[in-house]
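Just below is one structure, and these are the notes that go with it.
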Amino acid sequence: MSDQTPASQEENQQLKALMNDRLWLKVIIGLVLGLMVGALMGPDLGLIGRDSAAAIGGWLALPGNLFLTMIRFVVVPLVIASVALGIAGGEDSQAVKKVGISVLLYFVFTTTVAVSMGIFITSLINPGGYMDQGIIAETMGTATMNVGQNLGLVDAPMPDVIVGLFPTNPMASMASGAMLEIVIAAIIFGVALLMIPKHEAKPLKDVLVSVQSTTMAIVTWLMRFAPIAVFGLLANVMIKVGFSVFAGLTAYIITFFAVMLAIFIFYMFLVYFVAGRNPIDFIKNAREPMVISFSTSSSSATMPVTLKTTEEKLKVNPTVGRLVIPVGATINMDGTAAYQAVVVLFLAQVFGIDLGLPEIAVLLAISIGASIGTPGVPGGALGILLTILISVGIPPEGLAIVLSVDRILDMFRTSLNCTGDMVTATVMERILGLKRTPEQAAEAAKETPLV
Ligand code: ASP
């Protein structure tokens, strides 16, 4: 990205304009207006018939859905280019090795902390105890849940699961958008590119650089539409969900927020004490991806913005950022992991099932594993969550309890997932002592922040 072609200079001018436009403020205004308009048309006030409201909601969400579709359109090429270049781009294979292994260990560590917080806080608040057990038994039957016995059966045998993570055919992975496989394929290609003679690697690397710049240019255009997209998406969610559904689930929702807040505080602690940065400055610089992931409920769709922000606003060394962000957007989902644990524990409480330590340990492992496999798309956690819940014997009606508010909670956990990736990048840069080189800083200075 060091050669500034006229086109990329022009693109940077556009980015500058976006920044001066205070895009983040517009996105927040879109978010608030969307909530208000959605609440007006939602089921609570009953001003408009449900069917008409749903139809209007669909139209309001149209720009947002187009925005999401287009931004996802660039995700596959961008992830491949970023991850492969993240590994092969820097000439320093030792640094890459150091970053790669440390990042993976760090991901597992933070996810374990997040899930433990989820389990601890949910046990403490005991939200399931606030539900009327009589009504539950009457309307939903009794649970046959047997966590200890069944949790282990959720997935195929471990060796098969591990083999299943690897891509057989990279083209098929790309076509089906299987992000985990794509990331693994890109890592393998990146490592190989680093190993072969420089003159042989150069053509492919040049292509990847070009792919990365092109996809980022598309993201820059799309970002202009973010405020309108966010407005429509939020209006549509409120029209569908409404406020009233929150009432009965207050204790559960409070628990969820307490867990998310605890993880967020843990992050800020890391930012301050480990990365050595001021948390307020961190939040200021990281706010665009935070808001955009909140509105889109998709780590993958936000990934390009997260990457750009990490490099250009948080000023993280590209060797770290380009590796951490795309990989993190796929496998590092602390919010999602903690959410899975909260849900299972909450429903166990609702159905009056006590979980012992061994079951809790299995729950911890499953939640970590599940979050790695969760796609970074809206409601991505649901597929795996349903599998876990059904296999532990929660009656399908029980699922309805958590599903009713999942859409809203998804926004918060996705924003946390995305924040976690940016925190990782700053922490890793510091731990590994990989501050930008003067050349990288000079190169970055030529670029203009996205927003
Ligand atoms: N929507 C989340 C994400 O993209 C995944 C999930 O928790 O459903 O990060």
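Please treat every number below as a calculation from the coordinates, not as lab data. Values in this document were obtained by computation on a predicted structure and should not be read as measured data. Using ideal geometry, Cβ is built from the backbone for each residue, glycine included, and neighbour counts are taken over all protein chains shown.
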Taking θ as phi - 60°, what are the ³J(HN,Hα) couplings along segment 409-426 by the Karplus curve (6.51, -1.76, 1.60), each to the nearest whole Hz, with x for Gly and Pro?
5, 4, 4, 5, 5, 5, 4, 5, 4, 5, 4, x, 5, 5, 4, 4, 4, 5
Give me the net charge of MET41's neighbourhood, meaning all other residues with Cβ under 11 Å from the Cβ of MET41; Lys, Arg count +1, Asp, Glu -1.
+1
How many nm separate the modelled label positions at GLU200 and THR112, each set 7 Å beyond the Cα in the direction of the Cβ?
4.0 nm
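At 0.36 nm per residue, minus the direct Cα-Cα distance, what do LEU165 and ILE254 gain on full extension? Give it in nm, one decimal, please. List each step's numbers first, then the result.
On the way: separation 89, 0.36 × 89 = 32.04 nm, distance 3.50 nm.
Gain on stretching LEU165 to ILE254: 28.5 nm.
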Would you give the gap between the C-alpha center of segment 47-108 and the C-alpha center of segment 319-343, rounded to a whole Å?
11 Å
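Could you tally the net charge around ILE263, taking each other residue with its Cβ under 14 Å from the Cβ of ILE263, Lys/Arg +1 and Asp/Glu -1? Walk me through the numbers before you get to the answer.
Details: positive: ARG413; negative: ASP334, ASP421.
For residues surrounding ILE263, the net value is -1.
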Taking the Cβ of each residue in SER116, SER52 as the centre, tally the other Cβ atoms inside 10 Å and list the residues starting with the fewest.
SER52, SER116
Burial ordering of ASP334, ASP44, fewest other beta-carbon atoms within 10 Å first
ASP44, ASP334
The set of residues whose placed amide H lies less than 5 Å from the amide H of VAL316, leaving out same-chain residues fewer than 5 positions away, is GLU311
Amide H neighbours of ALA178 under 5 Å, at least 5 residues apart or on other chains, H built in the peptide plane: list them.
none
How would THR168, THR310 line up from fewest to most surrounding beta-carbon atoms within 10 angstrom?
THR168, THR310
